């Protein structure tokens, strides 16, 4: 699985170049058709050729990058993937809880949860009251993955960890002023 930072930076460059090209084409077309002239300023075949080329490039970008986006393959094959580890959690009254055989444990806990690099982990998160977010973040505050946690539903996120480090858990949905304080530092360690 490719690092999401690398994918994001590559996609930013590709789509910026693509978008600027499309805007320049349509700006040129708009400029040319507003000029008074006795003959057609822009030949339709030229305009439609460029437009078709932009559409072909746009679709190609999507097809080319589809397999490089880290979560796509896992999402497509989720029904056939057996996770290496399942982490059950609950969110209630602006607090995250781990669900274990011994009961509910409010986070933060003394030591981070440990996952091995390359393991596929299923996060099963249940909200009792509001819509929350479940986001894992690197030390530099860039996000690895996230999902929306809808109330009264088992929200599941399957993720394969391809980098080591200690990750922070944050609510990524606005659920009121208290929700902004839903941050669990050193939540997960991947070794």
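The values are calculated or read from the model by the stated rules, or taken from the named source; none is laboratory data. Everything numeric in this text was worked out from a predicted model, so none of it was measured. Counting neighbours? That spans all protein chains shown, and the Cβs are built from the backbone with ideal geometry, glycine included.
Taking region 123-146 as the range and being modelled with pLDDT of 95 or more and under 17 Å from residue 86 (Cβ atoms) as the test, the residues that pass are 123, 124, 125, 126, 134, 136. Restricting the search to region 136-145, which residues are surrounded by fewer than 19 Cβ atoms within 10 Å (Cβ to Cβ) and touching a strand residue (DSSP E or B) at 6+ places or on another chain (Cβ under 7 Å)? Answer for region 136-145, where residues must be surrounded by fewer than 19 Cβ atoms within 10 Å (Cβ to Cβ) and touching a strand residue (DSSP E or B) at 6+ places or on another chain (Cβ under 7 Å): 138, 139, 143.
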